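Okay, structure first, notes after.
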Amino acid sequence: MVESSIGGVVPAVKGEVMMRMGDKEEGGSVRDEEVGTVTEWELDRELLCPICMQIIKDAFLTACGHSFCYMCIVTHLHNKSDCPCCSHYLTTSQLYPNFLLDKLLKKTSARQISKTASPVEQFRHSLEQGCEVSIKELDALLLMLSEKKRKLEQEEAERNMQILLDFLQMLRKQKVDELNEVQHDLQYIKQDLNSVERHRIDLYRARDRYSMKLQMLADDPIGKKPWSSSTDRNFGGLFSTSRNAPGGLPTGNLTYKKVDSKAQIRSPGPQRKDTSISELNSQRMSQSGLAVVRKKRVNAQFNDLQECYLQKRRQLANKSRVKEEKDADVVQREGYSEGLADFQSVLSTFTRYSRLRVIAELRHGDLFHSANIVSRQVWSLHKIVESLKFSFYCIEFDRDDELFATAGVSRRIKVFDFSSVVNEPADAHCPVVEMSTRSKLSCLSWNKYTKNHIASSDYDGIVTVWDVTTRQSVMEYEEHEKRAWSVDFSRTEPSMLVSGSDDCKVKVWCTKQEASVLNIDMKANICCVKYNPGSSVHIAVGSADHHIHYYDLRNTSQPVHIFSGHRKAVSYVKFLSNNELASASTDSTLRLWDVKDNLPVRTLRGHTNEKNFVGLSVNNEFLSCGSETNEVFVYHKAISKPMTWHRFGSPDIDEADEDAGSYFISAVCWKSDSPTMLAANSQGTIKVLVLAA
């Protein structure tokens, strides 16, 4: 009965456990199996020194019956003469070695090693404990160990060889794939070279025929006999224009008389021939120089152009090479693949322009001077800077590109006539319309259907629709709780507009209603909103959470897709087409996205934008943005590096001045389907720029 109770219940008194352990060592009636039933946790607890709480080392027993590590109890008694457990008076003379406990601790340690240690560790421990082993047994063990070692080495060598083999096979597969891809690319290039060479020969032949006919016209301007060849039919309009151009002789009024008359008529012939030849030569020289310049541009951006070519060629490799229906304005190019035709368009557009030329400049200190205007900068999610250093304003063309509006924190919207700004002297640039607002303005958006309507958003969170003709507000919406950064009219539903605010809300408005018709709650500040130009139910929202949220307004419970990639707040979103979206961020990048397939397309880098909102505008194939280096950058959507850029400068700015480095471009806007754009900087200067060769 006693043994049974001891085996099932862990003893609560330490002395009882020690007594039964001692009985076992001395051949008592308690068996090894019964001691083994004590849980490891309780056993370890009983074998701990009450002072250091570690397994007892060099055990000593006190007169009061408690065991400690020798060093622990001696150190304690040097400071205090009592037992740490029962507080009885105790001195070093009352300490006795506990041999039984030491032996028990060694056996316990050996038992734990036998349970957890590997066979090698157990064998090593046995040798350390003085296990008797004969020479013959050692020889057998050594032989076995040598064989085991050789086997392990063989297995290790096989594993290493297999790893090397796998690597080489993977490398071969990768290189074979690359080789196949290169072979396909070479096949594309070979086909395109043959195609382009054929077209080039045709163009040279056509040019030679054109030159020959011009010389014939110079020799015989009367044109007694009409030409009937197919080439003549192709160039008939051009030649008829040349014959009837100023300085030419109309054939219907010529009367053939005697030799003198003929000589008189033909006397200008040699002079006109020389003029035509000299004009052709000069034209060829200018074209040759232009070709050299364009070739340099190709060399400068060769890697990006190569990537663009291969990407287009591979994507369209399996498609039909000839469209069933082609635009009437596009020249038929037999043998051209779609990929090559697309790339030729990119190449010709990209190399056509090399600089931005200033054609007009507008200064209006009252609206744009940095002393009167502050900028909207990218904010921290926890703190919005209210007192900003630089200026901000927005520029927007109207529906017909005849007027453009400017706004800033001067609390005024000013509308200018574009043709007047371009054609009249700089001192005559005055707004044709001016409207005052109660608060600082952050964004403008012209209605693309009603020409005289323009919407604005301001720092008080108010969205206003203005009638430029009457200079009065048509509607005012005051539901936003914080400043509204962005507003945009729908192109397909002109009565609808959308706005985004610091209150983390996107609101959709209708000019026929006094309250918002839809509200989207988001988790971060809204920096920009934009309608898809081909849809009245899809909008893109740029947020301070570094993402672009693309919503279908018919179901706003969650976005259709979230585009991720920017590392900082998304400051602008603009649509190049119904499926192409461009975004700008203060991580100094522009990114292109495919909203149809929900894919990233390209990242554009080159400008500097880490703090301020510097503007973004798109125009078919081109994107323009500002930079904190006081420069305007222009990108082609197919190339990741800038196509050209223009630095703002002014006689009033000393480049060595410390403040000169604080100026930045704050707004840009393309004129629709035109190489012309507007750009403004934080000093208050607006420039009309045009892409030039």
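The values are calculated or read from the model by the stated rules, or taken from the named source; none is laboratory data. Because the structure is predicted, anything quoted here is derived from the model rather than measured. Backbone-built Cβ (ideal geometry, glycine too); neighbour counts: all protein chains shown. Note: areas computed on protein heavy atoms with side chains; ligands, DNA, RNA excluded. Shrake-Rupley method; radii C 1.70, N 1.55, O 1.52, S 1.80 Å.
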Suppose R0 equals 25 Å; then what is the FRET efficiency for A426 and D401 from their Cβ-Cβ distance, rounded to the nearest 0.05? 0.75
Dividing the alpha-carbon Rg of the range 450-601 by 2.2 N^0.38 Å yields what? 1.00
Report the net charge of residues surrounding Y449, where surrounding means a beta-carbon distance below 11 angstrom and charges are Lys +1, Arg +1, Asp -1, Glu -1. +3
Amide H contacts under 5 Å for W485, placed H, 5+ residues apart: G500, S501, D502
Find the relative contact order for the range 477-535 and round it to a whole percent, using C-alpha pairs within less than 8 Å whose residues are 6+ positions apart. 36 percent
Among the GluC sites (Glu not before Pro) within the range 557-621, which fall in a DSSP loop and have no more than 12 other Cβ atoms within 10 Å of their own Cβ? E610
Taking r as the C-beta separation of D460 and S211 and R0 as 56 Å, the FRET efficiency to the nearest 0.05 is 0.25
Using the beta-carbon distance between K103 and E156 and R0 = 45 Å, what value does 1/(1 + (r/R0)^6) give for FRET efficiency, to the nearest 0.05? 0.55
Distance between Cα centroids, the range 49-95 to the range 476-494: provide it in whole Å. 82 Å
What does the highest-first list of 338-351, 561-574 look like by mean Cβ count within 10 Å? 561-574, 338-351
If you count only protein heavy atoms and use a 1.4 Å probe, how large is the accessible surface of T75, to the nearest 10 Å²? 80 Å²
Using the Karplus curve 6.51 cos²θ - 1.76 cosθ + 1.60 with θ = phi - 60°, work out ³J(HN,Hα) for each residue of the range 293-303 in order, rounded to whole Hz, and write x for Gly and Pro. 5, 5, 5, 4, 5, 4, 5, 5, 10, 4, 4
If N is the residue count of the range 64-108, its Cα Rg over 2.2 N^0.38 Å rounds to 1.22
Linear extension gain, L193 paired with A692, 0.36 nm per residue minus alpha-carbon span: 176.7 nm
Too long at a 22 Å Cα-Cα cut-off: which of K296/K687; K151/K173; K115/K148; K440/K611; K448/K530; K312/K637? K296/K687; K151/K173; K115/K148
Lys and Arg at +1, Asp and Glu at -1: neighbours of I359 with Cβ under 14 Å from its Cβ sum to +2
Estimated distance in nm for a label pair at Q174 and R554, the labels positioned 7 Å out from Cα along Cα-to-Cβ: 4.6 nm
If each K or R counts +1 and each D or E counts -1, the residues other than D488 whose Cβ falls under 13 Å of its Cβ total +3
